[in-house]
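Everything on this sheet refers to the single structure shown next.
The values are calculated or read from the model by the stated rules, or taken from the named source; none is laboratory data. Note that the structure is a prediction, hence the values are computed from the model and not measured. Here the Cβ is made from the backbone with ideal geometry for all residues, glycine too, and neighbour counts use every protein chain on show.
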């Protein structure tokens, strides 16, 4: 961990650089974020295992108790239609009810949510709004891939890509809130700019680079690393067409969430051409676009009812 993030701080004063690095290292070492790569790694293994069982997934749930509660609530919700009077009481039975794909979504969502619990409010920014936006983009990604099956690839997890694309923001928040992060958030709001444009001159680092470095440290799939590091990049240098598509799908989901007013967005209305270009790249027509908005709204409302955004 000793070399983590050093490349971004080379031009900065030694004292400032050292202090920022110490804060980031300490956070990464001590915070619950350390469970994320463990759970993600195990879920990736199970996704590839044709013999994986509900018991295997239940064992992963034991690593994060909040996941157990979410899975039980979901399995007993109207959406999964338990018989009148029937109550599903075990995590294993709940996993059987909702299926392995949905279980992986719940586990990823539950563990990532632990990063978004600070109470500070700066202009239009709160961590709860940032969390809502992350969940909405994850849903948008999954829904778009469901409609455009020709985009699908076994190495791509569109839901997780949407969920983690901005993971660098809560890391900066918790490490450097009073050391430039708060100022960058306020400047983005005042200038109606993109957050990374304000982070670099103030902090010497941006959340996309930090998130990408984290994903590399966790040995995440190349597609996930690329989306985290490149979802704001003006020019993409990606050789794999499937990964390039994932970046454009994620940008499209970001704009969908923006239009629907779902949580904090780290860009503004004037950046519409950038996101519309990605929608054009994946050839998402108006009728499908409208359908996705309806489904995203319905699923976010369901998550609210299940108390996922407290």
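Taking the condition within 14 Å of the chain's Cα centre (by Cα), part of a helix (DSSP H, G or I) and buried (at least 22 other Cβ atoms within 10 Å of the Cβ), does residue 246 pass? So residue 246 fits the description; yes. Would you call residue 253 surrounded by fewer than 20 Cβ atoms within 10 Å (Cβ to Cβ), in contact (Cβ under 8 Å) with a residue 40 or more places away in the chain and outside any loop (DSSP other than H, G, I, E, B)? Answer is no for this residue. For the stretch 73-93, the candidate set comprises residues that are surrounded by 20 or more Cβ atoms within 10 Å (Cβ to Cβ) and under 24 Å from the mean Cα position of the chain (by Cα); within that set, the residue that is farthest from residue 131 (Cα to Cα) is 75.
Residue-level check: of (1) surrounded by fewer than 22 Cβ atoms within 10 Å (Cβ to Cβ); (2) over 28 Å from residue 44 (Cα atoms); (3) touching a residue at least 24 places away in the same chain (Cβ under 8 Å), residue 265 misses just (1). Here is the figure for the stretch 178-205: residues that are surrounded by 22 or more Cβ atoms within 10 Å (Cβ to Cβ) and part of a loop (DSSP other than H, G, I, E, B) total 1. Looking only at residues of the stretch 151-177 that are more than 13 Å from the chain's Cα centre (by Cα) and within 26 Å of residue 49 (Cβ to Cβ), we find that the one that is surrounded by the fewest Cβ atoms within 10 Å (Cβ to Cβ) is 154. When residues in the stretch 179-191 are screened for being at pLDDT 90 or above and closer than 12 Å to residue 203 by Cβ, 7 of them pass.
Within the stretch 138-172, the residues that satisfy the criterion of being in a helix (DSSP H, G or I) and within 18 Å of residue 283 (Cα to Cα) are 140, 141, 142, 143, 144, 145, 146, 147, 149, 150, 151, 158.
The condition of being closer than 30 Å to residue 267 by Cβ and not in a helix (DSSP H, G or I) holds for only one of 110, 128, 118, that being 118.
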